[in-house]
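The values are calculated or read from the model by the stated rules, or taken from the named source; none is laboratory data. These numbers come from a predicted model, not from an experiment. Heads up, the Cβs are rebuilt from the backbone with ideal geometry, glycines too, and the neighbour counts pull from every protein chain shown. The accessibility values were calculated without ligands, DNA or RNA, using every heavy atom of the protein model including side chains. Shrake-Rupley method; radii C 1.70, N 1.55, O 1.52, S 1.80 Å.
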Amino acid sequence: MALNWDKLAKLKRDYPNPKFALSETQRQLKKRKDDPYLLGWQSEVLLSLRTDGKRILDNLKSIISHQPPINDRQLLTYTYELLAEATRRYDPSVACLTSIGTEGLKTWQNAAKTLQSRKARLDLWSELFICAMKEDCWEDVRYALQQASQERPQAKKTISFALILANQLAAEKVEAASSSIPSMNVQIQKAFAYKMVKKAYENTLASSEDPLRIESMRDVRFMTQIFIRQQRAEELGGLMGTQVPEIQKIVAPSFVELTLLVLGSLQKENRWKELLEYATSPTCCRIWDATIQPDQLTTNEKLLLNSWEYWSRIMEAKKHGASESIAIEAVKHDLAEKLPKFEQALQEREYNLTRMALSSFVDHSYLLELCKSYWRRYSQRSSCFYDLLRFVQQLDLDQQQDFHTFIKESAEQLKSQSESDAELSMSNWVQVETNVVRFEYLLTIAVDGPNIDVTEAFISNAVRLYQVAVQLKDGSNHNVGVLVVMGLLNLHYQLVHSKAGNKNDYDRMRKTASILLQAGFLLLHLTAGDSGKQDRSLLLLSTQIHLYLGLGTIAFEQYRHARVKEILNDTLSYLLLSGISQIHPFNATGTKKFSADSELASVIKTIKRMESKANELIYTDIQYFQYDQAIELLEFQRKLKSSATKHFCLIERRRIARLRGDPIDASLTLDLKEYQNITDNRDFTILPYYGTSNDFRFSSLFNPRGFPRLYWIYARYALQEKTSRLLYNEKTYEELDKPMSDLAQQNKNNVQNEPIETELHAYWETIGELTEAIYAGSSNQTDIRSLFQDLQKHVTGIEDVVKELIWSETDHEPGNKSAMPYERGLRFLYGHLEVLQASFRLCDVAKDHLKKNNSTLKGKVDAKAIEAFQKSVKTAYSAIGECATSRIDALKKNGVASLLEQAKWGSTGEGLQEILEKDEQRVYAAEYVDAAVEALKGVTKVKLK
């Protein structure tokens, strides 16, 4: 009995294993050798097995030429997707796939001939339109639109605009893949897109009945996208400025948005002359006309004048369009004449910001007074610091000191006034003083080589302000509390990087641990109430610091309150999940339940769900296509598909699975397409910070290990992942191995591994070489005996180092060093356990290989040597377990007492005692001990096999 789509779907469910599925397709094809459903299924199975490219292409050609013609739309789509993937993978002549080719499209043409109604044919072409878009084959999208336009569709305008887009994107794809001059076909397609969208504009002017016309902001947005992509911003500006009622009625509500878009595009193209001419033209803004008075400005012109983006682009144009001296004189003229004249038309705050920006460009001698003036007006706003930050940074040292003295004196004056004037509330003074302390951080802490005494004094000052702010009960204490935390983090950084002192110095290591713990206690205090749990930035800072302390369960609890949902998973989840496999790979039990693997899986699932939502908006019926949103939606969808966050999470899940001894199944893999053009969408600006934009300590304060970048993905894939896949018989991706290895090699100097990863890199390289030698049979080129000896030395070294970390009885007193593992300690233990697991597995693989008659290991290494090495691995593994157990015992015995001692240590500890009650500190100390014990228990759960 012939197959249909439903029966094929059942067969695929019955045979999920590709090897068994292949056998079943072969069996059934003996009975029905030309069945298109079976041929398609077999092609899919062969693609998943990554084998026999010729048979795949032959199968698909048989489906294409099948008689009678196929008209099952599901089978047609299935065949299209398979043909596109097979062509990319097995046809070396295709460098950039924009179409499945004439033969592939003939299947759709033949199907259309079998359909009797226009609606059925329109539905068929709509199906091709969607599946071609999904495969990024814009030539076929264009073909589908051309065919659909012949079926008298109702949405003629939509199809016409979609056809413009298809031509533009088809040309762009070919152009991006070629390093030579654009081909004639590319030029023709771009010219077609331009002429058609220009015709739509002209039809509007002529009041034509042609459906191809600009009628709404949707159409204007689409026209803008095409012109910008073709670098026709200047022409676009002229067209949008046309004083024709039909156009202005549409454009006016978005005048400022469109104008800034045009200026931004001209700046991107480095067309400075054209930018300046357009920005100062009557079409854009009439303030440059000497006859225009402030009361004659339109609302849109006033909005434009209030935009700093507008002024900044003008300044950039003047800088690039003339010599520096001439540019400065030109801006001075604007500062002296234009701005004062239209001051009333500008909002006061924006006017002052613009004046400062122009002044910072022409003459810094005016800048200090402008900063002081701005402070007088807006110091009672939280935004005052952020508004002035970039300008104060530009002042010279003497001016900065002058400004610092001025704002301190003004705050003192305000405090005196608030005590005698009921209209000036204490909350206003606290906000002003908070801004003062922020600037103190900028000018005295976030500088090269700050004095430790200065930092401690800053912390004491911030603590005093916190005690005042907390009495107001308006949430202002959180801003001050963050400043205390920032001071503590800076002090911690300074102590870590200071040189060992003389006999009068404190125990540096104990001091650094105490400072970090005090920051953690304060963050728990700040986030304990309802208002603290509304501050996402504060909660994420707390998440980071508690990860640094090695307290995964507390970090997760803080992160959970931050409400990181939907798209924020792509941009913010890295703050909890970067390197989580090396901190807390095992599930936490008890009151603070936490599963790192479940959280990682949830992030990947959420990103994929967001991608699916984007797909639903993009891949619609041809007559409902959102042509004006398509470019942005496609870009959004591509970012999600190739999200670096997904790759980081996947790597962490695979590392967790190996540490836990779980199988690596299909859920721990990504589609090959998701490795193309990986994009980093993470937000690195979410955490609070008050330093300079170029402060090299910025990331070190929050996360001394740094966050992995894209280069880390390439390097990890090319070495550890590739080696582990071979050792554990996991699914391999030969198509990815070489490009990922090439990328890793090209960027090897940019990887910036975490210190433990750097230390372990040599281990992994040796394991990788041995694994390659065993599996590839390259014994003639590789000195296997020497590599095994090197690896055994490495393992022996692990044992020696770990034994020194085992907690002794003399360490159990509260006054001695801390048994807390901290992140660096957990990374050390888990990182070495990964190496030992791989080494143990390597021994098993080598022993199995030696049993083969044709083993390339024979004569290079014998079974006894491998057994001896495996015994060394077991010994090192046992030492790591003993180290973790000893620290667990120490924490259970005196952990709380030790932490409470650290919380009181030094002048910073004294300040903390004024903020936190003793009972509260005891609760936090107990939570810290529980979290640390939970983290260390995971170390003891790792199995070698």
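Per-residue answers, yes or no, for (1) surrounded by 14 or more Cβ atoms within 10 Å (Cβ to Cβ); (2) in contact with a Lys or Arg (Cβ under 7 Å, 6 or more places away or on another chain); (3) at pLDDT 85 or above; (4) not in a loop (DSSP other than H, G, I, E, B):
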| position | (1), (2), (3), (4) |
| --- | --- |
| Thr810 | no, no, no, yes |
| Lys817 | yes, yes, no, no |
| Leu833 | yes, no, yes, yes |
| Asn854 | no, no, no, no |
| Ala876 | yes, no, yes, yes |
| Glu882 | yes, no, yes, yes |
| Leu891 | yes, no, yes, yes |
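May I ask you to list the residues in segment 720-740 that are closer than 20 Å to Ala838 by Cα, in a helix (DSSP H, G or I) and open to solvent by 40 Å² or more (accessible area, probe 1.4 Å)?
Those that are closer than 20 Å to Ala838 by Cα, in a helix (DSSP H, G or I) and open to solvent by 40 Å² or more (accessible area, probe 1.4 Å): Lys722, Leu726.
Name the residues in segment 188-216 that are among the charged types (D, E, K, R) and either part of a helix (DSSP H, G or I) or under 22 Å from Asn167 (Cα atoms) (or both), would you?
Restricting attention to segment 188-216, the residues satisfying the condition of being among the charged types (D, E, K, R) are 190, 195, 198-199, 202, 209-210, 213, 215.
Scanning segment 188-216 gives Lys190, Lys195, Lys198, Lys199, Glu202, Asp210, Arg213, Glu215.
Kindly indicate which of Asp14, Asp35 is among the acidic types (Asp, Glu), over 22 Å from Asp140 (Cβ atoms) and open to solvent by less than 60 Å² (accessible area, probe 1.4 Å). If you could, list the steps in order and put the result at the bottom.
Working: Asp14 fails: open to solvent by less than 60 Å² (accessible area, probe 1.4 Å).
Of the residues listed, the single one that is among the acidic types (Asp, Glu), over 22 Å from Asp140 (Cβ atoms) and open to solvent by less than 60 Å² (accessible area, probe 1.4 Å) is Asp35.
Are any residues in segment 170-197 closer than 19 Å to Leu212 by Cβ and either of a type in the set (D, E, K, R) or in contact with a Leu (Cβ under 8 Å, 6 or more places away or on another chain) (or both), and if so, which ones?
The answer is Lys190, Ala193, Lys195, Met196.
Might you check whether a residue that is open to solvent by 40 Å² or more (accessible area, probe 1.4 Å), part of a loop (DSSP other than H, G, I, E, B) and closer than 22 Å to Leu275 by Cβ occurs anywhere in segment 217-225?
Quick first cut of segment 217-225, residues open to solvent by 40 Å² or more (accessible area, probe 1.4 Å) only: 217-218, 221.
Those left that are additionally part of a loop (DSSP other than H, G, I, E, B): none.
No.
Do we have any residue at all in segment 905-918 that's free of Cβ contacts under 8 Å to residues at least 60 places away in the same chain and over 29 Å from Ala519 (Cβ atoms)? Before the answer, list the steps.
Within segment 905-918, the subset free of Cβ contacts under 8 Å to residues at least 60 places away in the same chain is 910, 913, 917-918.
Of the ones still in play, those that are also over 29 Å from Ala519 (Cβ atoms) are none.
Looking through segment 905-918, none of the residues is free of Cβ contacts under 8 Å to residues at least 60 places away in the same chain and over 29 Å from Ala519 (Cβ atoms).
Per-residue answers, yes or no, for (1) in contact (Cβ under 8 Å) with a residue 12 or more places away in the chain; (2) more than 28 Å from Ile64 (Cα to Cα); (3) not in a helix (DSSP H, G or I):
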| residue | (1), (2), (3) |
| --- | --- |
| Leu97 | yes, no, yes |
| Thr107 | yes, no, no |
| Leu128 | yes, no, no |
| Ala144 | yes, no, no |
| Gln154 | yes, yes, yes |
| Lys157 | yes, yes, no |
| Asn167 | yes, no, no |
| Ser180 | no, yes, yes |
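How many residues does segment 84-110 hold that are of a type in the set (A, V, I, L, M), more than 21 Å from Ala162 (Cβ to Cβ) and open to solvent by less than 20 Å² (accessible area, probe 1.4 Å)?
1
Among the residues of segment 187-206, is there at least one that is open to solvent by 30 Å² or more (accessible area, probe 1.4 Å) and under 33 Å from the mean Cα position of the chain (by Cα)? So that I can check it myself, show each step before the final result.
Filtering segment 187-206 down to residues open to solvent by 30 Å² or more (accessible area, probe 1.4 Å) leaves 187-188, 190-192, 194-196, 198-199, 202, 205-206.
Filter once more, keeping what is under 33 Å from the mean Cα position of the chain (by Cα): 190.
Yes; the residues of segment 187-206 include at least one that is open to solvent by 30 Å² or more (accessible area, probe 1.4 Å) and under 33 Å from the mean Cα position of the chain (by Cα).
Of all residues in segment 513-532, which are open to solvent by 10 Å² or more (accessible area, probe 1.4 Å) and either in contact with a Leu (Cβ under 7 Å, 6 or more places away or on another chain) or outside any helix (DSSP H, G or I) (or both)?
The first filter runs over segment 513-532 and keeps only residues open to solvent by 10 Å² or more (accessible area, probe 1.4 Å), leaving 513, 524-525, 528-531.
Across segment 513-532, the qualifying residues are His525, Ala528, Gly529, Asp530, Ser531.
If you take the residues of segment 57-73 that are among the charged types (D, E, K, R) and farther than 18 Å from Leu47 by Cα, which of them is farthest from the chain's Cα centre (by Cα)?
The first filter runs over segment 57-73 and keeps only residues among the charged types (D, E, K, R), leaving 58, 61, 72-73.
Pick out the ones that are also farther than 18 Å from Leu47 by Cα and you get 72-73.
Numbers: Asp72: 41, Arg73: 38 Å.
The qualifying residue farthest from the chain's Cα centre (by Cα) is Asp72.
Just for segment 601-621: of the residues that are under 15 Å from Lys134 (Cβ atoms) and polar (S, T, N, Q), which one is most open to solvent (accessible area, probe 1.4 Å)?
Here the residue is Ser612.
Within segment 242-292, track down each residue that is open to solvent by 30 Å² or more (accessible area, probe 1.4 Å) and closer than 13 Å to Ile314 by Cβ.
Answer for segment 242-292, where residues must be open to solvent by 30 Å² or more (accessible area, probe 1.4 Å) and closer than 13 Å to Ile314 by Cβ: Gln267, Trp272, Lys273, Glu274, Leu276, Glu277, Thr280, Trp288.
Return only the number of the condition from (1) buried (at least 18 other Cβ atoms within 10 Å of the Cβ); (2) assigned to a helix (DSSP H, G or I) that Gly238 does not satisfy.
(1)
Have a look at Leu517, Leu577 and point out the one that is in contact with a Cys (Cβ under 9 Å, 6 or more places away or on another chain), over 30 Å from Ala166 (Cβ atoms) and of a type outside the set (Ser, Thr, Tyr).
So the residue among Leu517, Leu577 that is in contact with a Cys (Cβ under 9 Å, 6 or more places away or on another chain), over 30 Å from Ala166 (Cβ atoms) and of a type outside the set (Ser, Thr, Tyr) is Leu577.
What pairs come up if the first residue lies in segment 229-242 and is more than 22 Å from Ala630 (Cα to Cα), the second is in a loop (DSSP other than H, G, I, E, B), and their beta carbons are under 6 Å apart, counting only those six or more places apart or on different chains?
From residues that are more than 22 Å from Ala630 (Cα to Cα), the pairs are Gly241/Thr283.
Could you please let me know if Arg88 is among the charged types (D, E, K, R) and over 24 Å from Asn4 (Cβ atoms)? Steps first, please.
Values: among the charged types (D, E, K, R): yes; over 24 Å from Asn4 (Cβ atoms): yes.
When the stated conditions are applied, Arg88 passes them.
When you go through Lys941, Lys904 one by one, which is the residue that is modelled with pLDDT of 95 or more, open to solvent by 50 Å² or more (accessible area, probe 1.4 Å), of a type outside the set (S, T, N, Q) and under 39 Å from the mean Cα position of the chain (by Cα)? Full working, then the answer.
Details: Lys904 fails: modelled with pLDDT of 95 or more.
Just a single option satisfies the conditions, and that option is Lys941.
Take the conditions within 30 Å of Lys943 (Cβ to Cβ) and acidic (Asp, Glu) and apply them to Glu557. Does it pass?
Values: within 30 Å of Lys943 (Cβ to Cβ): yes; acidic (Asp, Glu): yes.
Yes; evaluated as a whole, the condition is true for this residue.
Looking for something small (Gly, Ala, Ser) and open to solvent by 60 Å² or more (accessible area, probe 1.4 Å) - is there at least one such residue anywhere in segment 153-174?
At the first step, the residues of segment 153-174 found to be small (Gly, Ala, Ser) are 155, 160, 162, 166, 170-171.
Cutting the leftovers down to open to solvent by 60 Å² or more (accessible area, probe 1.4 Å) gives us none.
Checking segment 153-174: not a single residue is small (Gly, Ala, Ser) and open to solvent by 60 Å² or more (accessible area, probe 1.4 Å).
Specify which of the listed residues (Trp375, Trp429) is over 32 Å from the mean Cα position of the chain (by Cα), open to solvent by less than 30 Å² (accessible area, probe 1.4 Å), farther than 19 Å from Ala469 by Cα and among the aromatic types (Phe, Trp, Tyr).
Trp375
Quick test of your reading of the structure: Asn300 fulfils all but one of (1) assigned to a helix (DSSP H, G or I); (2) in contact with a helix residue (DSSP H, G or I) (Cβ under 7 Å, 6 or more places away or on another chain); (3) within 21 Å of Lys198 (Cα to Cα); (4) not small (Gly, Ala, Ser). Name the failing condition by number.
Asn300 satisfies all of (1) assigned to a helix (DSSP H, G or I); (2) in contact with a helix residue (DSSP H, G or I) (Cβ under 7 Å, 6 or more places away or on another chain); (3) within 21 Å of Lys198 (Cα to Cα); (4) not small (Gly, Ala, Ser) except (3).
Out of the residues in segment 901-942 meeting the condition of being in contact with a helix residue (DSSP H, G or I) (Cβ under 8 Å, 6 or more places away or on another chain) and among the basic types (Lys, Arg), tell me which one is farthest from Gln467 (Cα to Cα).
Among those residues, the one meeting the criterion is Lys941.
Quick grid of which residues meet (1) over 22 Å from Arg89 (Cβ atoms); (2) surrounded by 17 or more Cβ atoms within 10 Å (Cβ to Cβ):
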site: Lys7; (1), (2): yes, no
site: Ala21; (1), (2): no, yes
site: Arg27; (1), (2): yes, no
site: Leu39; (1), (2): no, yes
site: Lys54; (1), (2): no, no
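Applying the selection to segment 214-239, what residues are among the acidic types (Asp, Glu) and closer than 20 Å to Phe192 by Cβ? Give the steps one after another, and end with the answer.
Within segment 214-239, the first condition is being among the acidic types (Asp, Glu), and the residues that meet it are 215, 219, 234-235.
Correct list: Asp219, Glu235.
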